[in-house]
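FYI, it's all coordinate maths here, none of it is from the lab. In this text the structure is predicted, and so the values were computed from the model without any measurement.
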């Protein structure tokens, strides 16, 4: 069914609805991909990947109060590295070499964004077209 659009205000309102829907769809997609990529030992990290939308921002996060090691898994804890890792776009995992309890990283959040970034514009376009239909 085609909606009747009467004026510019209607079009602007419908586009805004489409953009809001697109933010929600992007947030869900990134959250789901991050859950797929998250390292799993107990499942706590994976189970607590969440999103929120604040204005124009889509924020995918893990509450530090619930999963205090989430940042260490994303960014690592080493004070020095055996070498500089390439971008997470190329490596989903980079392991530190050396001694101690320092860990490498497994960027589940950044990798989720990098893997889906080419889809964002398509999602926005599809949601605007859906809102205008």
Practice task
May I ask you to compute the full-extension gain from residue 53 to residue 15, defined as 0.36 nm times their residue separation minus their alpha-carbon distance, rounded to one decimal in nm?
Solution key: 11.9 nm
Completion exercise
The alpha-carbon center of the range 104-133 and that of the range 28-70 are separated, in whole Å, by 15 Å
